[in-house]
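First comes the structure, then the notes that go with it.
The values are calculated or read from the model by the stated rules, or taken from the named source; none is laboratory data. What you see is a predicted model; the values in this text were computed from it and never measured. Note: ideal-geometry Cβ built from the backbone for every residue, glycine included; neighbour counts use all protein chains shown. Calculation scope for accessible area: heavy atoms of the full protein, side chains included, ligands and nucleic acids excluded. Shrake-Rupley method; radii C 1.70, N 1.55, O 1.52, S 1.80 Å.
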Amino acid sequence: AIPALQKGQYSTSNCNGSIAFKRRFTDDSVDSFAVVAVNGGASFTGLPGGTYIEVVTGDTKTIGEGGTITTDSIGDGNIRVYVNTSLRGNTITGKIGNNTDY
């Protein structure tokens, strides 16, 4: 569902956190961009503007061009993935999956 995670270019530029990175994939029909935080909080600066949906929790953030996203402080083994849904060809409309006990 997220081409940036499947085949995007990886970068840690302007990413701060225990494990924090961004990925972007573009072709003629898709511009897919995601920021990922694993094990603890993270902040990402200089991001493309638009609406971002966090695919684990469904949290939504809207930022301007060059804006910042800061994740909550998550526990070890947890992840936050914010996807820019304002770019062309994105199909994410909310969190992926259902709530479970695990």
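What the range 1-45 shows is 49 Å² of accessible area per residue, with the surface traced by a 1.4 Å probe over protein heavy atoms.
So what is the 222 nm mean residue ellipticity for the chain from helices alone, if each DSSP H run of at least 4 adds -39500 (n - 2.57) and you divide by all residues, rounding to the nearest 500 deg cm²/dmol?
About -1000 deg cm²/dmol.
Coupling constants for the range 65-76 follow from the phi torsions by the Karplus curve (6.51 cos²θ - 1.76 cosθ + 1.60, θ = phi - 60°), and in residue order they are 4, x, x, 10, 10, 10, 8, 6, 7, 8, x, 4 Hz; glycine and proline get x.
Ordered by 1.4 Å accessible area with all protein chains kept, I79, I69 run largest first as I79, I69. Computed from the C-beta positions of D76 and D27, the FRET efficiency with R₀ = 41 Å rounds to 0.70. Over the chain, what percent of the accessible surface lies on carbon and sulfur atoms, probe 1.4 Å? Carbon-and-sulfur percentage of accessible area, whole number: 44.
Here the Gaussian network model covers the chain, with springs between Cα atoms less than 10 Å apart; of S86, S29, S73, S29 fluctuates the most. Taking θ as phi - 60° and the Karplus parameters 6.51, -1.76 and 1.60, the scalar couplings of the range 79-96 work out to 9, 10, 10, 9, 10, 6, 8, 8, 7, 5, x, 8, 10, 6, 10, x, 5, 9 Hz in sequence order, x denoting glycine and proline. With the Cα gyration tensor of the range 44-91 giving a ≥ b ≥ c as the square roots of its eigenvalues, does the rule (a/c under 1.5 for rounded; else a/b larger than b/c for prolate; else oblate) give rounded, prolate or oblate? Cα axes put the range 44-91 in the oblate bin.
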